[in-house]
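Contents: one structure, followed by commentary.
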């Protein structure tokens, strides 16, 4: 077993993004349905915390049970404990998810925050917004996956911080 290539990780992350969008949609539907039935609106910050927890539970469940999410299973990537080649613990899974979320989102959040403070100075077209989002996604993937290029064992920063590693192999089922 060896570390997956950045290209394999990248493609798996795109697939993961599509799966998370479905989870996001279902969660939003449930939150809106409960709000409609009770006559209350859920504050955005509460919805964001709920999404963070639901996404985290998804990753924790997958990583502690089999070491793989559906996207990682498709691309033959498994998450292991770095020290003894076993599945990560619940603590390691939450740390990995939290650090990946922070490292992966920080560049885009900084750009969006800066842009929002200067929004009144510019007019944005749909094309500008599209390329802005694309640029932010590329920055996020570089921040998240690009750090693996700098590590001698090809471990990304969130893997180092959580004590986990990604491995590639065909016989994980």
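The values are calculated or read from the model by the stated rules, or taken from the named source; none is laboratory data. Predicted model, so just to flag it, every value in this text is computed and none were measured. Don't worry about glycine lacking a Cβ; one is built from the backbone with ideal geometry, like all the others, and counts go over all protein chains shown.
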* Asked: residue 154 passes all but one of (1) closer than 14 Å to residue 9 by Cα; (2) touching a strand residue (DSSP E or B) at 6+ places or on another chain (Cβ under 7 Å); (3) outside any helix (DSSP H, G or I); (4) modelled with pLDDT under 95; which number fails?
  -> (2)
* Where residue 64 falls short, out of the listed (1) at pLDDT 90 or above; (2) on the phi > 0 side of the Ramachandran plot -> (2)
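Each row is one residue, and each column tells you yes or no for (1) under 15 Å from the mean Cα position of the chain (by Cα); (2) touching a residue at least 60 places away in the same chain (Cβ under 8 Å).
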position: 7; (1), (2): no, no
position: 25; (1), (2): no, no
position: 34; (1), (2): no, no
position: 61; (1), (2): yes, no
position: 73; (1), (2): no, yes
position: 83; (1), (2): no, yes
